[in-house]
Amino acid sequence: MTPRSLRYRVAVFSASVGAIISLLLSFSLYFAAKDLGQRLVDEMLTAELDDYIARRERNPNSLPPSTVTLHGYVQAGSNQEGLPSYLRSLLPGRHDLQVGDSSYRVAVVDVRADRYFLLFDASAQRKREWQLAMLLGVLVVAVTMLSGLGGIGLAGSVTAPVAELAGKVRTCGPDDWAHPLADGFAHDEVGELARVFDRHTARMRAFIERERALTGDMSHELRTSLAVILSASEMLLSDDSLGQRPKNRVARIDRAARDMAELGTALLLMAREESSFAGGGGCVVASVVEEAVEKHRHLLRKKPVRVEVSTDPTLEVQADRALIDILVSNLIRNAYSYTDSGTITVRQQERELTISDTGRGIPGDALDRVFLRHFKDAASEGAGIGLSLVKRICDRYGWHIHLESQENEGTTVTIRFQ
């Protein structure tokens, strides 16, 4: 039971309600008992004083009360001889007085020229009030704990249907959504929630089916068209009667068609569920890097650019080769396209691939947006999906990508294969 779970919150609410109600009742009971005790003491003091005053009027030599709990004193006129010092400043009325360790309730009455004092030892009563307060405190704690336990039990019964629905949703696989979740639930709030899930699931399944059909049809038509283009370009390139300039144009068409085929393959792979290609088999990164370096070398044309390549053939990652090829090709193609002179370094060692160039670089205000889909700065010549696709591939496999760039100085991209 976590602090954010519904069952925990219901239990905390129940315990809080129990604590608040028991506290209110305990305070009310304590103060009512205390007030009642004080009223009884005041009434007893009044009765004792009236009785003594009546006896003294009949017999001026009558002694004031003096028992274990009652002590009386009389001040005749202004003579305070024999009157304890702690009583001399008291005015007529009722007073609470603390003398040493003893607590007293004092009644003071003026009759003609005399002043009467009657003290009640309330120490025992204060002790009983303290015991009552302790007992009520224990009851508050007990009621709070019982309310919490009751809340846990109540929350368990209340949240059981919700937990059952959550369990069904959690364990449903792609092929299990055809069975309605609402089966087995009553026509209550949880049942209505399950039926809402079923309606949204049906809409999502229909949408996914339409997307799959569209993707499959477009993929088929696109592959067919690309196959025609590639076969025609291969035939033209093998035709010796064709001049060099037309052959260069056909070669450009052939490269564009192959790039389109590779991009389409990558996008289709990225559209799959992660579990369907997470393994992807082993792929030697060095061979992909070397092929990509040579495959895109035509982009350098006659530019004074030196390409340095260093690879480690022992590195093998569990990923789809086509996706690694798209990742490496995009980075190398960018380095070739935006480097007019200088050096391009491709270094793959241990579990890192670093591609650095001395090209145009990226403006500082664009660095935090280079991985956004369709983002391109003023100097970009592409469609703005290359680096976005690279980032998506890295995210899919849990790889780390880091890009550093200075405008007019160059760019360095490092990929860490986890």
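The values are calculated or read from the model by the stated rules, or taken from the named source; none is laboratory data. This is a predicted model, so every value here is computed, not measured. Here Cβ is always computed from backbone atoms with ideal geometry, including for glycine, and neighbour counts include all displayed protein chains.
Numerical summary
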{"read-out": "Residue ID - surrounded by the fewest Cβ atoms within 10 Å (Cβ to Cβ), chosen from residues in segment 301-342 that are hydroxyl-bearing (Ser, Thr, Tyr) and touching a residue at least 60 places away in the same chain (Cβ under 8 Å)", "value": "Tyr338"}
{"read-out": "Evaluation of Phe185 against (1) at pLDDT 90 or above; (2) part of a loop (DSSP other than H, G, I, E, B) (one fails), failing number", "value": "(1)"}
{"read-out": "Filter result (more than 19 Å from His298 (Cα to Cα) and either surrounded by 13 or more Cβ atoms within 10 Å (Cβ to Cβ) or in the same structural domain as His298 (by TED's automatic domain parsing) (or both)) within segment 237-249", "value": "Leu242"}
{"read-out": "Those residues of segment 343-373 which are touching a residue at least 60 places away in the same chain (Cβ under 8 Å) and more than 37 Å from the chain's Cα centre (by Cα), in sequence order", "value": "Gln348"}
{"read-out": "Segment 18-43, residues that are more than 19 Å from Gln131 (Cα to Cα) and surrounded by 14 or more Cβ atoms within 10 Å (Cβ to Cβ)", "value": "Gly18, Ala19, Ile21, Asp42"}
{"read-out": "Condition met for Glu164 (surrounded by 12 or more Cβ atoms within 10 Å (Cβ to Cβ), at pLDDT 80 or above, outside any loop (DSSP other than H, G, I, E, B) and charged (D, E, K, R))", "value": "no"}
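Each row is one residue, and each column tells you yes or no for (1) modelled with pLDDT of 80 or more; (2) basic (Lys, Arg); (3) under 46 Å from the mean Cα position of the chain (by Cα).
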position	(1), (2), (3)
Leu267	no, no, yes
Met270	no, no, yes
Ala278	no, no, yes
Gly281	no, no, yes
Ser287	yes, no, yes
Glu290	yes, no, yes
Arg297	yes, yes, no
Lys303	yes, yes, no
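Quick grid of which residues meet (1) more than 30 Å from Ser22 (Cα to Cα); (2) among the aliphatic types (A, V, I, L, M); (3) loosely packed, with under 12 Cβ neighbours inside 10 Å:
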site: Leu87; (1), (2), (3): yes, yes, no
site: Leu97; (1), (2), (3): yes, yes, no
site: Val106; (1), (2), (3): yes, yes, no
site: Asp110; (1), (2), (3): yes, no, yes
site: Arg128; (1), (2), (3): no, no, no
site: Val140; (1), (2), (3): no, yes, no
site: Met145; (1), (2), (3): no, yes, no
site: Leu149; (1), (2), (3): no, yes, no
site: Leu154; (1), (2), (3): no, yes, no
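Matching residues to (1) at pLDDT below 80; (2) among the β-branched types (Val, Ile, Thr); (3) in a helix (DSSP H, G or I):
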{"site": "Gly137", "(1), (2), (3)": "no, no, yes"}
{"site": "Thr144", "(1), (2), (3)": "no, yes, yes"}
{"site": "Ile208", "(1), (2), (3)": "yes, yes, yes"}
{"site": "Asp217", "(1), (2), (3)": "yes, no, yes"}
{"site": "Ile229", "(1), (2), (3)": "no, yes, yes"}
